[in-house]
Structures are given as C-alpha cells and as structure tokens.
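Below is one structure, written out as structure tokens; the observations come after it.
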C-alpha cells in the first residue's frame, strides 16, 4: 500500500500590530499599546521611540531597531516590510512600534499594505500623534475659536520643497503643523512668505515634545530658520505656524527690536 503522508502544513501566520508609541512620554501610551508592548516576544521599533517605552517590554523580548535618520536609514522601508511579513509568516506575532501615530507620517499604510498582500493579519493601534502631543505639552491649542478652525499637517523634508503646493495651508484662521522640517526651516519660511504669508506670522518650534528635555521656542516666521540655527534645535521637532503659536508656553527667541521691526510690516 502506498504511503500517503500528509503534506507539512505552513504555520498559521502571526499578527503584525502597528502600534503608535505616542510622542515620547510613556504615560501617553494607550492601554492597548502598553499591553501589547509588555506581552510581545518581538518588537520592531523606530529609533525615536523613547527608551522608557522600550523598558516596558519583557526581558525576554527580542528588540529590533529600524531607526531612520535624515539621509541615513539603518534599514530601507522595503526591508522593514519584508522583516515584518517574514516573521509573521513564520508564526510569530510582531509588535511594530512607531513614534506618534502609525498613520500620520509613519509609513504605517505601506506596512499595512505589505501585510495584506502577503495574507498576514494586521491590526492598527492608534497613538497620540506628535502634533497633538506637542500642542498639549506646549499649551498650544491647534484650534481655537478666536484664531484657527483649520489645521493642516505637512512633511517639510520633501525634496523640491519649492514645488510643493502649500497654497492656502497657512494664514488667517489656519494652523500649519510641519513635521520633519528643522533641516529645511529657512526654505520653509521663504516658501510661505513667497506665497504671501506675513513675515510677522507667529511660529513655534517644539523640540522633544512631552519628554523631560522638551523645549518650546517662539518667534515670527521671518526668523524661523535663524531661530532653529541659533538655538541648535535637534530632531524630533515640530514647527507650528499660525496665530495659535502666540499662545504657546514658550521662550521668546527674537530680540525685541527685530520683533517690532517685523511687526511693523503687518
């Protein structure tokens, strides 16, 4: 009688959890995120995830950093996608820990699509975004009945910044939040002013939002690039442009004579 052996069945795929780690402070993790981090056997994390959050992981958990820095990536996005899918197809659950919220400049959409294409279950765990966390920690309301009823989020590190269509994103009644814009702060200010925004528009820069070393600096649009350079502002940092920036609990960084001179241009 022929021996009909059953074929070896593939392992049931694990689940990839795209988890928002929030802006930095571990206390701002969602309950779901904290639970997943504590239970995970494998965590693939961004470089900007605060060490205090990683410390919540089990001592037995495997931690893999896929840190990205400007012009230098430890792992290309395609390789990250392959890592997540490969581990899940081997039967492991994977916590993909991302700064802020996975779907706001976090490439969570790309990783979700890669999982879907491979037949890997994927769950999205939202996090407090860098913008909302920074606004709250700086006491800077992104909307305000007297100042802004529209908020726009843009990425400021794009090549060909001058070619980006930002028309109408900043101005009266609007707040513009710029992610990843510290290195191009001069260009951002020039672009916005060239598009007609007043040089006297209030701006704020929030460095290391929600962390113990948070710093909030405030000036006017014309001085944005110089302020970032003078104060050696480092990533992670957000730029907020609009009248609400004047409400931030911040250090004023533009000398008063210059403030008066630029203010006179209104």
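The values are calculated or read from the model by the stated rules, or taken from the named source; none is laboratory data. Fair warning: this is a prediction, and the values are worked out from it, not measured in the lab. Using ideal geometry, Cβ is built from the backbone for each residue, glycine included, and neighbour counts are taken over all protein chains shown.
Some observations on this one:
- Within the stretch 218-235, none of the residues are within 15 Å of residue 136 (Cα to Cα), at pLDDT 95 or above and buried (at least 17 other Cβ atoms within 10 Å of the Cβ).
- Considering residues of the stretch 186-220 that are free of Cβ contacts under 8 Å to residues at least 40 places away in the same chain and under 17 Å from the mean Cα position of the chain (by Cα) only, the residue farthest from residue 247 (Cα to Cα): 207
- Only one of the listed residues (194, 260, 172) is surrounded by fewer than 21 Cβ atoms within 10 Å (Cβ to Cβ), at pLDDT below 95 and under 19 Å from residue 140 (Cα atoms). That residue is 172.
To keep it simple, each residue is scored yes or no on (1) modelled with pLDDT under 95; (2) under 15 Å from the mean Cα position of the chain (by Cα).
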{"site": "9", "(1), (2)": "yes, no"}
{"site": "17", "(1), (2)": "no, no"}
{"site": "49", "(1), (2)": "yes, yes"}
{"site": "58", "(1), (2)": "no, no"}
{"site": "61", "(1), (2)": "no, no"}
{"site": "67", "(1), (2)": "yes, yes"}
{"site": "72", "(1), (2)": "yes, no"}
{"site": "95", "(1), (2)": "no, no"}
{"site": "110", "(1), (2)": "no, no"}
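- For the residues 156, 106, 135, the requirement of being touching a helix residue (DSSP H, G or I) at 6+ places or on another chain (Cβ under 7 Å) and within 30 Å of residue 193 (Cα to Cα) singles out 156.
- Scoring residue 183 on the criteria (1) modelled with pLDDT of 95 or more; (2) surrounded by fewer than 19 Cβ atoms within 10 Å (Cβ to Cβ); (3) under 20 Å from the mean Cα position of the chain (by Cα) leaves a single failure, condition (1).
- A count restricted to the stretch 110-132 and to residues that are in contact with a helix residue (DSSP H, G or I) (Cβ under 7 Å, 6 or more places away or on another chain), assigned to a helix (DSSP H, G or I) and crowded, with 17+ Cβ neighbours inside 10 Å stands at 4.
- Looking at the stretch 151-236, the strands (runs of 3 or more DSSP E) lying wholly inside it that each contain 3 or more residues that are outside the structural domain of residue 105 (by TED's automatic domain parsing) and farther than 27 Å from residue 49 by Cβ sit at 215-220.
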